[in-house]
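Since the structure comes first, as structure tokens, the remarks are kept for the end.
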Amino acid sequence: MKTLLKTIYKLFLIIFLTAITQIGGIVYLMSLLISKMWDKKFKFKILIIFSSIYLISTFIVVPLTAPIFGREKVKHSKKIKPTNYMTVLLNRNYIRPKLNELLKNTEKTLNGTDIEIRYLDANFPFINKFPLLPHLSHNDGKKIDLSLIYETKNGIITNKQKTLSGYGLFEKPKSNEYNQIEKCLKNNYFQYDYPKYLTLGEINNELIFSEKGTKKLIESILKNKTLGKLFIEPHLKSRMNLVNNKIRYHGCRAVRHDDHIHIQLK
């Protein structure tokens with residue numbers, strides 16, 4: 001019975017690590033093998049072996065291998081940064097070179113402003129159609145989520161966020177705005193607002209949604225000819241008076257997009 005439980009536990013770890021990092025399951029199997037071959041016993045042996053191999057893989061091996069699959073890391077710069085560095089550590093920051101070009105062009109448009117491009121989940125480094133959970137479509141290197149822009153009560157743009165993960169704190173419809181969220185939930189699309197469970201904690205509660213900052217970011221993105229679609233919740237599109245046929249509604253089968261912006265290549 002004890003052996004069976006250990007086997008189930010190891011299988012669970014392999015599946016879980018693969019689901020959240022893509023490479024974690026393989027690294028864990030390698031760690032178990034090396035641990036058996038290495039006779040020396042010490043505390044946290046497998047954890048130390050796993051951490052060492054994982055970090056070497058994430059920061060050296062994977063970036064060198066990903067281009068074989070047509071992907072590369074999001075290129076960081078003065079204005080392009082991850083909202084949360086766990087995105088990088090979990091290998092969820094890979095995109096196609098053309099998407100890096102789109103971000104770079106957007107950055108140029110934003111020069112002279114205080115607005116930065118803070119990205120959330122993109123794609124895994126390898127294999128098309130390998131799911132990047134919990135997303136439905138981040139599986140081909142063409143998609144990336146971006147954080148909304150916030151400002152202080154005095155109207156000063158800031159690049160801080162309101163949750164640790166960057167997801168889950170919604171800019172809800174006002175009483176006079178169309179409420180797509182309510183419609184989806186009433187039609188039993190229960191997953192529509194599940195990101196509220198993924199905040200990892202709320203921070204900077206004094207900040208408010210910046211209409212002017214987010215609108216400027218979106219308008220800068222829309223100038224790129226390689227942009228295929230941009231998803232944002234309908235009430236925010238109306239509130240910011242955005243008119244462009246590339247701004248689409250993502251549907252009730254996805255999750256609500258009033259805590260982030262989704263963009264993708266053609």
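Okay, here's what the table says:
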read-out	value
Protection proxy ranking, peptides 156-164, 60-68, average beta carbon neighbours within 10 Å, highest first	156-164, 60-68
Cross-link partners of residue 186 among lysines (Cα-Cα below 26 Å; sequence separation of 8 or more within a chain)	172, 174, 196, 237
Helix axis angle, 2-21 relative to the chain longest principal axis, alpha carbon, degrees	40 degrees
FRET E, pair residue 55, residue 152, Förster distance 45 Å, beta-carbon r, rounded to 0.05	0.75
Whole-number percent relative contact order across the chain, with pairs defined as alpha carbons under 8 Å at least 6 apart	17 percent
For region 155-207: rounded, prolate or oblate by the Cα gyration tensor [a/c cutoff 1.5]	oblate
Whole-number D in µm²/s for region 1-119 (Stokes-Einstein; Kirkwood sum over Cα pairs; 37 °C, 0.692 mPa s)	197 µm²/s
Convex hull projection area averaged over all views, region 70-217, Cα basis, nm²	9.9 nm²
Nearest-0.05 FRET efficiency for residue 226 and residue 30, computed from C-beta distance (R0 45 Å)	0.75
The chain, helix-only ellipticity at 222 nm - DSSP H runs n ≥ 4, -39,500 (n - 2.57), divided by all residues, nearest 500	-10500 deg cm²/dmol
Accessible solvent surface per residue of the chain, calculated while the other protein chains remain in place, 1.4 angstrom probe, Å²	54 Å²
Relative pair counts by distance (%), Cα atoms of region 142-257, 5 Å bins	2, 11, 19, 23, 23, 16, 6, 1
Calculated Rg and Dmax of the chain using C-alpha coordinates, Å	20.4, 68
Estimated FRET transfer efficiency (residue 178, residue 136; beta-carbon r; R0 30 Å; 0.05)	0.85
Acute angle (nearest 10 degrees) that the helix 24-37 long axis makes with the longest principal axis of the chain, alpha-carbon atoms	20 degrees
Surface share of carbon and sulfur [accessible, 1.4 angstrom probe, percent] for region 147-226	52 percent
Helix 211-222 axis, angle to the chain major axis (alpha carbon atoms, nearest 10°)	70 degrees
Inter-label distance, nm, simple model (7 Å from Cα along the C-beta direction), residue 44/residue 129	4.1 nm
Cα→Cβ-extended label distance, 7 Å offset, between residue 200 and residue 8, nm	3.0 nm
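The values are calculated or read from the model by the stated rules, or taken from the named source; none is laboratory data. Everything numeric in this text was worked out from a predicted model, so none of it was measured. Neighbour counts run over all protein chains shown; Cβ positions are idealised from the backbone, glycine included. Note: accessible area is taken over every heavy atom of the protein model, side chains too, but ligands, DNA and RNA are not part of it. Shrake-Rupley method; radii C 1.70, N 1.55, O 1.52, S 1.80 Å.
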